[in-house]
Amino acid sequence: MKYIHFVIISVCILLLCVSPASGVRTKAMIHYSEPQVAVQDEIFLEQGYSFKVLDMNSKSGDVWIELYLNGEEVELDDNFAKEDQPLEYIRSIVEDEDDDEDEEIDYFILKITTEGDVDEEDGVVYSTLYIEQYMDLVEDVENYLLLDKSYSLKTDSELELSGLYTLEATDVDDDEVTLELRLNGKLLKEDEVEDDEYFYYTVYSDGNPETVFLANVKAFFETDDEVTVFLNHVSLKQIQVSSSDELPDGLDIDVSSPVDGGLKAGRIAIVSYSLNESYSEVRILVDGEILDSRYNASPGVYKAVTDEMNSGIHKATLVAINEDDDTSYYSEDFSVSVNIKDNITESIVELANTAATEISKTYNITSNISKSDDSIKDSSSDTEESSDTKDSVSSLSSWTSSTGVSNAVSLIVTAGVFLLFFTFFNKFR
């Protein structure tokens, strides 16, 4: 009987713990970003939400945040965002149910998680945040071409979204599907996504994130002929565009290397873009990823630095938005070659290490044999040495001597090869 009471009490406690979480509802995700923030930074989100970073742990990257809605502070149960304990905001909304009685329903609105470490630049400490924002039914939703839609697409055709945007599934590998988002044929984002993950395209202007496209990959399956991908919670923000296949007057793109020798794999690249008139906003992208963006850009030359590049053909895209919100796009391909210099360096180092290892091994063997020879000679004064032992020691000593000569020759050859490679190496500096 006591056991039955214990089970009943345990079940009741479990229901009390689970019920609050299960009662929280979630609408479509409308924002996802991974900004780097410093103390006093203010980040603006969707539907009038924003937050300010008041303080930060300089080691863990945990942040103390104030949340705002339309400029008014929102009270939170916990204002700290951590790696293992994210900041969450749940809003209670009164809704009319079928029985005409008002009911208060909790909706999950915001989740902010830290990466768990910090970066430092010029004495300023930065923490990377993961931000998920879901639609708030009470606040206005504007400037969306698509919101909370569902689609399916196949690999043999593009899904035409809206406003010149298209989405395509190109491949499936290791339980991941590759999706490509394009604007008027220009690649904006390519990523591999698993079941129940989000594919997103977020741009950053002056450190502020703006999510242009979001789609949840509900499921996908592959047949012999094609792949079918099912998407839900698809959203796309409104952007006025006018495209151009030619470089607009007064705009220019140049991609160069910061060191002599041209663009090589493993090096960074400098992307320079020049303007001869003012634009309300300009962006430079490399392979679909935002590299630099500026508001109210004046005439002049601007530079942006890439990460270390891989060999192959890459694409730099310039986006220019004028005062009338008309947008022009221009792309230019550039090539990054294999870094022969680095390959030669690695080969020389590997060759030198191999030679050093072999010589070290030989030296140890010779040293051990010499010690054995001395030990045998010492013992021969007390006991009579057999003929076979003498022959063995003599042969071993002879082999050691020849091995030492051989390794000396090998060392000379290695040095010669090293000098040859070094001469060849200098030609590619």
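Listed values, structure above:
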| item | result |
| --- | --- |
| Net charge, residue 80 excluded, C-beta distance under 10 Å - Lys, Arg +1, Asp, Glu -1 | -2 |
| Accessible area of region 144-237 divided out per residue, in Å², using a probe of 1.4 angstrom | 47 |
| About the Cα centre, charge dipole magnitude for region 23-134 (Lys/Arg +1, Asp/Glu -1 at Cβ), debye | 640 |
| Sequence of 195, 148 when ordered by accessible area, the most exposed leading, probe 1.4 angstrom | 195, 148 |
| Subset of 111/149; 59/186; 189/264 violating a 30 Å alpha-carbon distance limit | 59/186 |
| Charge tally in the Cβ shell below 10 Å around residue 137, where Lys, Arg are +1 and Asp, Glu are -1, residue 137 excluded | 0 |
| Carbon and sulfur %, accessible surface of region 251-336 computed with the full protein complex present, 1.4 Å | 40 |
| Region 23-134 - percent of accessible surface contributed by carbon and sulfur, probe 1.4 Å | 35 |
| Burial order of peptide ranges 305-312, 30-37, 291-298 (average beta-carbon count within 10 Å, highest first) | 30-37, 291-298, 305-312 |
| Per-residue SASA entry for residue 91, accessible area with 1.4 Å probe, Å² rounded to 10 | 50 |
| Burial order of peptide ranges 119-128, 168-177 (average beta-carbon count within 10 Å, highest first) | 168-177, 119-128 |
| 1.4 Å probe accessible area per residue over region 23-134, in Å² | 54 |
| Accessible surface of region 144-237 [probe 1.4 Å, protein heavy atoms]: carbon and sulfur percent | 37 |
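The values are calculated or read from the model by the stated rules, or taken from the named source; none is laboratory data. In this text the structure is predicted, and so the values were computed from the model without any measurement. FYI the Cβ positions are ideal-geometry reconstructions off the backbone, even for glycines, and counts take in every protein chain you see. Just so you know, the surface numbers come from the protein's heavy atoms only, side chains and all, with ligands and any DNA or RNA stripped out. Shrake-Rupley method; radii C 1.70, N 1.55, O 1.52, S 1.80 Å.
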